[in-house]
Amino acid sequence: MATEILMPALSPTMEEGTLAKWLVKEGDTVSSGDILAEIETDKATMEFEAVDEGIIGKILIAEGREGVAVNTAIAVLVEEGESLDAAPTAAPAAGEAATPVEAPAAPAPVAAAAAAPAAPEVDSSPDWPAGTELVKTTVREALRDAMAEEMRGDEDVFLMGEEVAEYQGAYKISQGLLDEFGSKRIIDTPITEHGFAGIATGAAFGGLKPIVEFMTFNFAMQAIDHIINSAAKTLYMSGGQMGAPMVFRGPNGAAARVGAQHSQDYAAWYMQIPGLKVAMPYSASDAKGLLKSAIRDPNPVIFLENEILYGQSFDVPKMDDFTVPFGKAKIWREGSDATIVSFGIGMKYALEAADKLAEEGISAEVIDLRTLRPMDLPTVIKSVMKTNRLVTVEEGWPQGSVGGYIASEVMQQAFDYLDAPVITCTGKDVPMPYAANLERHALITTDEVVAAVKQVTYR
Amino acid sequence: MAARKSTKKPNVSAEELTQYYRDMLLIRRFEEKAGQLYGMGLIGGFCHLYIGQEAVVVGLEAAAEEGDKRITSYRDHGHMLACGMEANGVMAELTGREGGLSKGKGGSMHMFSKEKHFYGGHGIVGAQVPLGAGLAFADKYKDNGRVTFTYFGDGAANQGQVYETFNMAAIWDLPVVFVIENNQYAMGTAQSRSTSTPDIYTRGEAFGIPGEAVDGMNVLAVKDAGERAVAHCRSGKGPYILEVKTYRYRGHSMSDPAKYRTREEVQKMRSERDPIEQVRDMLLTGKHASEEDLKAIDKEIKEIVNKSADFAKESPEPALEELWTDIYA
Ligand SMILES: Cc1ncc(C[n+]2csc(CCOP(=O)(O)OP(=O)(O)O)c2C)c(N)n1
Ligand SMILES: [Mg+2]
């Protein structure tokens, strides 16, 4: 049976091409793999090979012809004994060509918020039952306790990173874990972030639940390909067959006087990635409760800690199994005049500012997002509906900031409730300097937050 | 087993030889069909064909046991067929349809099968190397005796993460076979222009990882080397490197202008070293099969491939809701 040979698409973007040269003539016998013609595409001249065996019947498009559309019949291939100009009997193959079913229109984007949206539903239940005994705990101990508790409960959880075992952690987060769990589960790696992030991700594909400690997140830039391309995207690319249940954790943001390469806040970077979850706790109870949730989560979680907070103590509930859910912000302080939204170490400035503002009779509501992906925007919106003013606080840079995203969402969802433009307080738009005075200036300060709240409340 | 190494006529049954012939032919015909569907615009984007390299994966699969894992790059169709994934699902993924192995969301470069222990399908050159070592890490952690085949190219062999991985695989004795599929080119870059020393398998020496070069056009040589590698890994001695010298007949991807090598070079490989022809000859001269037997196999394979193409054309495009699923578990 005769078949048509069609003008091929030889690149992802090719729609038409020039049939530069025929390398076979009518009557030639060809087998699969033989080069039939040279075709000039938008990019290059390419060879076009036969995929079936047969005899070249009629050549339908002469060499030299330009603008031959993809899927045009250019020759006829016949079988032995068939007439050379046998017409194909089947429906023209061009009909088979890619005419993918016309996709129905994409679902309309969520309609812009109506003029007066209802206050969103929010879950404002307390993190622990009233009356629970509270223990003063540092963030450092809370993180260690979270890992130890989860490792006791699940053999598949292990910790890997530089200096996590014998040195007891560069920042002593893993203190004591080697003694309790042994070197099979508390694993010192060489200084090789790209490699061990990849190995840990592969181990997660293979059914384990790795915790990867980066000595600091600055060094995770060497591993970011595996975090994003391998860990975050595989579930989607595999149609849900396999993913990476794992945690990447470590200190993030500025420590003190360590200069530009060791002082960067990555919150906004990771927050952008579908497939990742991102937590950035401030208090010790959140550090513990969120890390336990992160280890149990079947998705890759970025867990951004802060060196300056490691030594700070907070109340942590004494409970057998205390966890904090992702996507639930915490209102640290209720107020009526303005909303301050922050997370991580930004909360320190937000809370100090609220104290100072209270002395001047300005009542600020302070919200800790705790997780950035998922982000509890309903709690923010609800608060803005009450206070009508919003200031965001973060340590990272202004362009493409977390605050910028929140401001745009609030504008779209609660525009009519805003009585002043949202102010996003961020770190300065400079690499971190070393000099003490310059570093103080580069970071966000409590006074800047106070000034921003005064500005949005027109005081 | 030293005798085995030098044996010219390896001890292989007619059934085994026939199976290798069938498996390699399936890959060859499948890839030809994929090239054809690409030409018709039914397959989009990048599409990297495995034609010429069939003996590598078929030989190594012959050395694998149930439960062993495999992971490779974007040039992955052959690996998937060789480990038993359905031609229909692979082809329908190439056309981006609901019936594809990733429901149409992965494409040619990103397919997976938990059932067949196939862990992708990775589009970032070299990324599969630590991932593969990580799979082996999980097996060692669980002490289940499994081995992971981690395939990568001669081009990928220049990625830093490969050596980070060699180092860790060696210190932790991970049961991983690193299979370097040296098809002599990384896109248009001949190996001699990218690689400081020609024998990539020696690059494990610095880490104490044994390695050997293998004739990748000869399925029996590949299988033989694969068995040595697997035995090494399974006995707890850590990783092993196989540099399998092979050749791709087609362009790097579908849009390769092929200006970096001569037509004669390709033709010479095809006519003198073709892995499928070699087995065909062995079958016929050894009187293991007749021309008719082989014709029957050809026909059977053609049917599987044509069916997969029909399936891939008929399977509907994924529902729009699929856009929003499988982002989080
Ligand atoms: C990190 C990265 N850099 C570049 C590319 C683009 N690219 C895709 S394949 C390829 C060549 C790889 O050659 P090789 O490893 O020899 O594998 P082969 O294609 O020959 O199978 C390049 C440069 C990529 N996908 N990823
Ligand atoms: Mg190559």
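Among A:12-19, B:64-71, how do they line up from the highest to the lowest mean number of other beta-carbon atoms within 10 Å? Intermediate results must be reported in sequence, preceding the final value.
Numbers: A:12-19: 17.4, B:64-71: 19.4.
Highest to lowest by the protection proxy: B:64-71, A:12-19.
The mean number of partner chain beta-carbon atoms within 10 angstrom of a residue's beta-carbon across peptide A:31-42 is 2.
Relative contact order of the stretch B:1-155: what whole-number percent is it, with Cα pairs under 8 angstrom and at least 6 residues apart? Walk me through the numbers on the way to the answer.
Details: 225 pairs, mean separation 32.4, N = 155.
Once divided by the residue count of the stretch B:1-155, the mean separation gives 21 percent.
Relative contact order, whole percent, for chain A stands at 12, derived from Cα pairs under 8 Å and 6 or more residues apart. Taking amide H atoms as placed 1.01 Å from N in the peptide plane, the amide H of A:Gln312 lies under 5 Å from those of A:Val139, A:Arg140, each 5 or more residues away in sequence or on another chain.
For chain B, the relative contact order is 23 percent, taking Cα pairs closer than 8 Å that sit 6 or more residues apart in sequence and dividing their mean separation by the residue count.
Counting only other chain Cβ atoms within 10 Å of each residue's Cβ, the peptide B:257-263 averages 3. The angle between the Cα long axis of helix A:193-205 and the longest principal axis of the Cα atoms of chain A comes to about 80 degrees, rounded to the nearest 10. Think of the protein assembly as shown as a dipole: +1 on every Lys or Arg Cβ, -1 on every Asp or Glu Cβ, centred on the Cα centre; then among B:Tyr38, A:Leu372, B:Phe137, B:Phe137 lies furthest on the positive end. Phi-derived couplings, Karplus 6.51 cos²θ - 1.76 cosθ + 1.60 at θ = phi - 60°, listed residue by residue for the stretch B:26-37: 4, 4, 4, 5, 4, 5, 4, 5, 4, x, 5, 5 Hz, with x used for Gly and Pro.
What Kirkwood radius, in Å to one decimal, follows from the Cα pairs of the stretch B:121-176?
Working: mean 1/r = 0.0882 Å⁻¹.
When all Cα pairs of the stretch B:121-176 are included, the Kirkwood radius is 11.3 Å.
Each Lys or Arg adds one and each Asp or Glu takes one away; over the other residues whose Cβ falls under 11 Å from the Cβ of A:Gly161, this sums to -4. 3J(HN,Hα) couplings calculated from phi for the stretch A:231-241 with the Karplus curve 6.51 cos²θ - 1.76 cosθ + 1.60 (θ = phi - 60°) are, in sequence order, 6, 6, 9, 5, 4, 5, 5, 9, x, x, 6 Hz; Gly and Pro show x. Amide H contacts of A:Val157: A:Lys209, each under 5 Å away and 5 or more positions distant or on a separate chain (H built 1.01 Å from N in the peptide plane; Pro and chain starts excluded). Dividing the convex hull volume of the alpha carbon atoms of chain A by its residue count gives 216 Å³ per residue. Of A:His226, B:His117, A:His262, the order by accessible heavy-atom surface (1.4 Å probe, DNA, RNA and ligands excluded), from most exposed downward, is A:His262, B:His117, A:His226. Does a label point 7 Å from the Cα of B:Asp199, set along Cα-to-beta-carbon, have any residues of the stretch B:210-233 with amide nitrogen under 11 Å, and which are they? Flagged as within label range: B:211-214.
GNM on chain B, alpha-carbon springs under 10 angstrom: the most fluctuating residue among B:Tyr50, B:Tyr240, B:Tyr38 is B:Tyr38. For the stretch A:330-456, the number of Lys pairs with C-alpha atoms closer than 19 Å, counting only pairs eight or more positions apart or on separate chains, is 8.
Under 14 Å of direct C-alpha separation, and excluding same-chain neighbours fewer than eight residues apart, A:Lys328 reaches these aspartates and glutamates: A:Glu121, A:Asp123, A:Asp127, A:Asp286, A:Asp368, A:Asp376.
Helix A:346-359 and the longest principal axis of the Cα set of chain A meet at an angle near 40°.
In order along the stretch B:313-326, phi translates into HN-Hα couplings of 7, 7, 4, x, 5, x, 5, 4, 4, 4, 3, 9, 9, 6 Hz, rounded to whole numbers, per the Karplus curve 6.51 cos²θ - 1.76 cosθ + 1.60 with θ = phi - 60° and x for Gly and Pro. The ellipsoid that matches the Cα gyration tensor of the protein assembly as shown has semi-axes, each √(5λ) in whole angstrom, of 56, 33, 21, with the longest given first. Annotation for the stretch A:324-399: GluC sites (Glu not before Pro) lying in DSSP loop with at most 16 further Cβ atoms inside 10 Å of their Cβ are A:Glu334, A:Glu360. Given the stretch B:1-131 reduced to its alpha-carbon atoms as identical point scatterers, what log10 I(q)/I(0) does the Debye formula return at q = 0.09, 0.19 Å⁻¹? Result of the Debye calculation: -0.28, -1.07. Amide H contacts of A:Thr424: A:Thr392, each under 5 Å away and 5 or more positions distant or on a separate chain (H built 1.01 Å from N in the peptide plane; Pro and chain starts excluded). Ordering A:Gln412, A:Ala329, A:Val341 by the projection of their Cα atoms onto the charge dipole of the stretch A:308-459, which places +1 on the Cβ of Lys and Arg and -1 on the Cβ of Asp and Glu, puts A:Gln412 at the extreme positive end.
Enter the angle in degrees (range 0 to 90, nearest 10) between the Cα long axis of helix A:402-414 and the first principal axis of the Cα atoms of chain A, meaning the one along which they spread out most. Value to nearest ten degrees: 90.
Give, as a single signed number, the net charge of other residues whose beta carbon lies under 12 Å from the beta carbon of A:Arg65, with Lys and Arg counted +1 and Asp and Glu -1. Could you put the intermediate results ahead of the total?
Numbers: positive: A:Lys21; negative: A:Glu16, A:Glu40, A:Glu63, A:Glu66.
Counting the neighbours of A:Arg65, the net charge comes to -3.
Contact residues in the stretch A:186-209 (at least 40 Å² less accessible area with all protein chains than alone, 1.4 Å probe): A:Pro190, A:Thr192, A:His194, A:Ile199, A:Phe205, A:Gly206, A:Leu208. Shape class of chain B from the alpha-carbon gyration tensor: rounded, with the ratio a/c of largest to smallest axis under 1.5.
For A:Lys184, the lysines whose Cα falls under 25 Å of its own Cα, not counting residues fewer than eight places away in the same chain, are A:Lys172, A:Lys209, A:Lys288, A:Lys292, B:Lys69, B:Lys140, B:Lys142, B:Lys237. Between the residues A:Gly400, A:Met221, A:Ala254, the greatest Cα displacement towards the positive end of the dipole of chain A, with unit charges on the Cβ of Lys, Arg, Asp and Glu, is found for A:Ala254. Other protein chain C-beta atoms within 10 Å of residue C-beta, averaged over A:382-394: 0. In a simple Cβ point-charge model (Lys, Arg +1; Asp, Glu -1; nothing else charged), the protein assembly as shown has a dipole of about 1340 debye relative to its Cα centre. Can you say what percent of the DSSP beta bridges in chain A, counting only those with both residues inside, are antiparallel? Round to 5. Close to 50 percent.
In the stretch A:330-456 the Cα-Cα distances spread across 10 Å bins starting at 0 as 14, 48, 31, 7, 0 percent of all pairs. Three principal axis extents describe the C-alpha atoms of the stretch A:3-86; from largest down they are 39, 21, 17 Å.
The values are calculated or read from the model by the stated rules, or taken from the named source; none is laboratory data. If you're wondering where the values come from, they're calculated on a predicted model, not measured in any experiment. Virtual Cβ from ideal backbone geometry, glycine too; neighbours counted across all protein chains shown. Side chains included, ligands, DNA and RNA excluded: accessible areas come from the protein's heavy atoms. Shrake-Rupley method; radii C 1.70, N 1.55, O 1.52, S 1.80 Å.
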